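Trainee: Have a look at the structure that comes next, please.
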Amino acid sequence: MNPLGVYVHWPFCKSKCPYCDFNSHVRDGVEQVRWRDALLKELEHAAREAPGRRLETIFFGGGTPSLMAPETVAAVIARTKALWDHAREIEITLEANPTSVEAGRFAALAEAGVNRVSLGVQALDAAALKFLGREHSADEAFEALDTARRHFARFSFDLIYARPGQTPEAWAGELEQALALAGEHLSLYQLTIERGTRFFTDHARGAFVLPDEEESAAMFEATQARLVAAGLPAYEISNHARPGAACRHNLIYWRYQDYVGIGPGAHGRFAEGNAKRATRRASGPEAWLEAVERTGHGTAESSIVTGQDMVEEALMMGLRLADGIDRATFASVTGADPVAALDEARLAPLVKAGFLEIEPDRLRATAAGRQRLNALLERLIA
């Protein structure tokens, strides 16, 4: 059976981070039982949308899923496993903030069935945490990582670099500190300014300046080299792991495999005949909740992706991976060989420039190509 990932979106946060453009919202109170019932209802609907799959992963994202009641997490996991045949070693990830309150729930979340946590640490010094709008201190982050190590077989944490005023030397020191704390996986993101965020407004009025392109590139390249030396090479642009420790749920996205999404704003992509069904749930928490209670699901959009659109989606995801795109698998999903679909003659200049590699069994972006992936994709998908 086709592998399946289930994404569960919890849209609530204690506060909105100034860099965040995710579907996250601050509310004075959340009716946990009502939300639990709605998530379970939409799961039932998702199982009818994508039957006959083998469940490989569940991922609780947000928002801040560590604010969910552990009873809700347990109920969603149990219902999901009941609705689909599932792998014995299923990966169940939950994103968490490293405040002491949320870390205090780790034992209950592990008992609920979570076996992997991803912690939004983001920085390891007080000034940077304040700038990023984080509610935890560096000490709380250290304690949360220690707690995660005790309760979960697998854990990861995120850091944001190329922050205002940060030099390559300062980032190198922070990276060494992170490696001393790391387990088998690290996610390292360069700070980007997204439209609709507070940082977008602040940056536009000159409240802060980001490192220039040369400094940012130097930080990226140094990061790749240091993580390789530490035994955690990049398997995707921003994600690093020891061999066999990649986030299996995210690999489902990047390999263009099947996943369903439940909760406000959640997306899904799953095979339907020779095409992909694309779904999106209503984004607003209250609108989604009311729709689920009224109809059993909160679907706002549902469409079929075919032909060239499917080829382009698969390319945009697969070229993020260090391993690139398996040509045979790509053809089995999209009906087209990626090299033939793009025209090998048109790819030749990008290969010669060192941004792409074409092999008999795969197409991949080089390290230089992945560093400039947006520009590379603009050339490929014109």
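The values are calculated or read from the model by the stated rules, or taken from the named source; none is laboratory data. Just so we're clear, the structure is a prediction, and the values are computed from it rather than from any experiment. Heads up, the Cβs are rebuilt from the backbone with ideal geometry, glycines too, and the neighbour counts pull from every protein chain shown.
Trainee: Within the range 256-309, work out how many residues are buried (at least 20 other Cβ atoms within 10 Å of the Cβ), touching a helix residue (DSSP H, G or I) at 6+ places or on another chain (Cβ under 7 Å), outside any strand (DSSP E or B) and at negative phi.
Mentor: Going through the range 256-309 one residue at a time, the tally reaches 6.
Trainee: Any idea which of (1) within 19 Å of the chain's Cα centre (by Cα); (2) among the aromatic types (Phe, Trp, Tyr); (3) in a loop (DSSP other than H, G, I, E, B) is the one Phe155 doesn't satisfy?
Mentor: (3)
Trainee: Which residue, of Arg116, Arg88, Arg105, Arg79, is at pLDDT 95 or above and more than 21 Å from the chain's Cα centre (by Cα)?
Mentor: Numbers: Arg116 fails: more than 21 Å from the chain's Cα centre (by Cα); Arg88 fails: at pLDDT 95 or above; Arg105 fails: at pLDDT 95 or above.
Going through Arg116, Arg88, Arg105, Arg79 in turn, just one is at pLDDT 95 or above and more than 21 Å from the chain's Cα centre (by Cα): Arg79.
Trainee: Could you give every pair whose Cβ atoms fall below 6 Å, whose first residue belongs to the range 24-42 and is more than 11 Å from Glu286 (Cα to Cα) and buried (at least 17 other Cβ atoms within 10 Å of the Cβ), and whose second residue is modelled with pLDDT of 95 or more and among the basic types (Lys, Arg), counting only separations of at least 6 or pairs across chains?
Mentor: Leu40/Arg79
Trainee: What are the pairs, 6+ residues apart or on separate chains, where a residue within the range 204-218 that is assigned by TED's automatic domain parsing to the domain that holds Pro164 has its Cβ under 7 Å from a residue that is modelled with pLDDT of 95 or more and aliphatic (A, V, I, L, M)?
Mentor: Leu210/Ala162; Leu210/Leu191; Pro211/Ala162; Ser216/Ala162
Trainee: Okay, moving on. For the range 222-229, check the following and say yes or no: at least one residue is touching a residue at least 12 places away in the same chain (Cβ under 8 Å), buried (at least 20 other Cβ atoms within 10 Å of the Cβ), touching a Phe, Trp or Tyr at 6+ places or on another chain (Cβ under 7 Å) and in a helix (DSSP H, G or I).
Mentor: The first filter runs over the range 222-229 and keeps only residues touching a residue at least 12 places away in the same chain (Cβ under 8 Å), leaving 222-224, 226-227.
Imposing the further condition that a residue be buried (at least 20 other Cβ atoms within 10 Å of the Cβ) reduces the set to 223, 227.
Okay, now just the ones that are also touching a Phe, Trp or Tyr at 6+ places or on another chain (Cβ under 7 Å), so none.
Checking the range 222-229: not a single residue is touching a residue at least 12 places away in the same chain (Cβ under 8 Å), buried (at least 20 other Cβ atoms within 10 Å of the Cβ), touching a Phe, Trp or Tyr at 6+ places or on another chain (Cβ under 7 Å) and in a helix (DSSP H, G or I).
Trainee: Which of the following residues is touching a strand residue (DSSP E or B) at 6+ places or on another chain (Cβ under 7 Å), free of Cβ contacts under 8 Å to residues at least 60 places away in the same chain and surrounded by fewer than 18 Cβ atoms within 10 Å (Cβ to Cβ): Arg79, Arg88, Arg48, Arg54?
Mentor: On the way: Arg79 fails: touching a strand residue (DSSP E or B) at 6+ places or on another chain (Cβ under 7 Å); Arg88 fails: touching a strand residue (DSSP E or B) at 6+ places or on another chain (Cβ under 7 Å); Arg48 fails: touching a strand residue (DSSP E or B) at 6+ places or on another chain (Cβ under 7 Å).
Residue meeting the stated conditions: Arg54.
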